[in-house]
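The values are calculated or read from the model by the stated rules, or taken from the named source; none is laboratory data. The structure displayed is predicted, hence computed values, not measured ones. As a convention, Cβ positions derive from the backbone with ideal geometry for all residues, glycine included, and neighbour counts pool all protein chains shown.
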């Protein structure tokens with residue numbers, strides 16, 4: 001693996017880890033951050049969160065990353081990876 | 001227009017009638033049913049309330065996937081709906097590892113149909129009333145009368161849309177299908193074949209036991225670590241799963257989009273600057289995205305979003321899955337209706 005790709009992957013890993021730690025802490029998840037896969041669904045059959053949790057996630061994304069989830073846009077609120085997409089888009093803007 | 005595309009549009013915009021006859025269906029009963037079922041399941045059956053369904057896996061001893069299952073706690077007995085590539089192995093597997101319970105093959109006696117789509121709930125509302133709106137994911141409604149047909153309904157599916165599995169006696173299956181199609185006429189309900197369902201699964205990254213499920217060397221490569229309970233007792237495959245948890249997976253499943261729109265053959269090598277980093281295990285053309293998409297099992301250090309790789313000579317980018325934003329997410333059953341929503345299919 002060359003340096004450029006390694007840097008890209010390291011940045012992504014850090015973002016994913018930060019999100020998992022934030023959610024595990026904020027939502028008091030039973031599962032530990034290292035046992036959450038990047039593509040884990042937040043709702044339904046994944047972490048089984050609910051609508052109250054979704055508000056906490058939105059607040060957490062603002063507090064931790066300074067990212068606002070656009071009102072009515074549920075695209076980022078599906079998996080850990082889609083939250084990371086939102087954070088990276090904000091960081092590169 | 002391609003017939004599969006027509007079926008796909010009906011499912012993604014309205015509702016599609018699907019056939020679950022390839023599922024294996026068993027009943028496990030007896031005093032030890034809960035304990036025994038827990039021993040053959042990855043998920044924790046002991047925490048499953050009566051009337052609810054658990055979506056989980058059954059594993060081989062080596063941690064590979066044997067079956068993708070729905071387990072319905074019916075109070076003292078369980079119904080097992082299983083999708084497996086190893087069809088002949090499943091019943092002997094359960095019988096061997098759950099000797100303290102009685103196993104009965106229900107498949108000859110019952111018919112399973114599915115109805116999936118953003119307005120699947122509205123079709124069923126015509127048949128069983130407004131209670132269907134309150135049925136949440138993996139909840140059930142027993143003995144609903146559709147005409148004179150006793151029907152059990154499970155809220156489940158693998159399309160990412162509202163999905164319901166309907167179970168009735170085998171001899172009532174044709175009549176139930178006819179009633180669903182009749183009630184579904186105003187919603188333009190169409191039969192949808194397994195190719196269409198496989199594409200919907202892929203678009204939402206639901207496990208396909210015949211593709212990525214068969215290719216993974218350990219179930220954890222399928223991104224299911226949240227299903228693993230450290231509190232439940234022993235189960236088949238536990239040692240392999242726990243070793244993998246400890247040492248980490250060698251490969252992980254990740255989504256890809258292929259820039260050219262061409263769908264590479266499943267099994268194609270994924271590479272980075274000439275280095276073999278994994279295999280494409282599932283692929284198709286998403287009409288919603290107007291793009292070729294796929295799932296690859298990549299070496300764990302390469303399995304991250306936002307990377308550019310090659311698949312059989314085609315440029316591919318790793319992306320977050322699910323690939324599509326399902327219409328059902330945008331639907332509020334209390335307010336919306338098929339008749340009032342104006343969606344044109346936009347590839």
Among the residues of region B:156-189, write down those that are in contact with a strand residue (DSSP E or B) (Cβ under 6 Å, 6 or more places away or on another chain), over 20 Å from residue B:139 (Cα atoms) and not in a helix (DSSP H, G or I). B:189
Just a yes or no: is a residue in region B:121-144 under 18 Å from the mean Cα position of the chain (by Cα), surrounded by fewer than 16 Cβ atoms within 10 Å (Cβ to Cβ) and at pLDDT 95 or above? yes
Considering only region B:218-304, give the strands (runs of 3 or more DSSP E) lying wholly within it that have at least 3 residues that are crowded, with 22+ Cβ neighbours inside 10 Å. B:251-258, B:275-286, B:291-299
Identify, by number, the condition in (1) under 26 Å from residue A:86 (Cα atoms); (2) within 12 Å of chain A (Cβ to nearest Cβ); (3) touching a strand residue (DSSP E or B) at 6+ places or on another chain (Cβ under 7 Å) that residue B:294 doesn't meet. (2)
Which residue is farthest from the chain's Cα centre (by Cα), if the candidates are limited to region A:62-80 and must be in contact (Cβ under 8 Å) with a residue 40 or more places away in the chain and closer than 16 Å to residue B:320 by Cβ? A:79
Considering region B:203-217 alone, what residues qualify as being in a helix (DSSP H, G or I) and either touching a strand residue (DSSP E or B) at 6+ places or on another chain (Cβ under 8 Å) or free of Cβ contacts under 8 Å to residues at least 60 places away in the same chain (or both)? B:203, B:212, B:213, B:214, B:215
On the basis of being touching a helix residue (DSSP H, G or I) at 6+ places or on another chain (Cβ under 6 Å) and either touching a residue at least 40 places away in the same chain (Cβ under 8 Å) or more than 9 Å from chain A (Cβ to nearest Cβ) (or both), does residue B:253 make the cut? yes
Which residue is farthest from residue B:203 (Cα to Cα), if the candidates are limited to region B:325-337 and must be surrounded by fewer than 20 Cβ atoms within 10 Å (Cβ to Cβ) and in contact with a helix residue (DSSP H, G or I) (Cβ under 8 Å, 6 or more places away or on another chain)? B:334
Within region B:312-324, which residues are within 14 Å of chain A (Cβ to nearest Cβ), assigned to a loop (DSSP other than H, G, I, E, B) and out of contact with any helix residue (DSSP H, G or I) (no Cβ under 6 Å at 6 or more places or on another chain)? B:321
What is the number of the single condition among (1) at pLDDT below 95; (2) within 17 Å of the chain's Cα centre (by Cα) that residue B:215 does not meet? (1)
If you go through region B:50-72 one residue at a time, how many are surrounded by fewer than 22 Cβ atoms within 10 Å (Cβ to Cβ) and over 19 Å from residue B:213 (Cβ atoms)? 3
Output the number of residues of region B:192-213 satisfying the condition of being under 16 Å from residue B:252 (Cα atoms) and out of contact with any helix residue (DSSP H, G or I) (no Cβ under 6 Å at 6 or more places or on another chain). 7
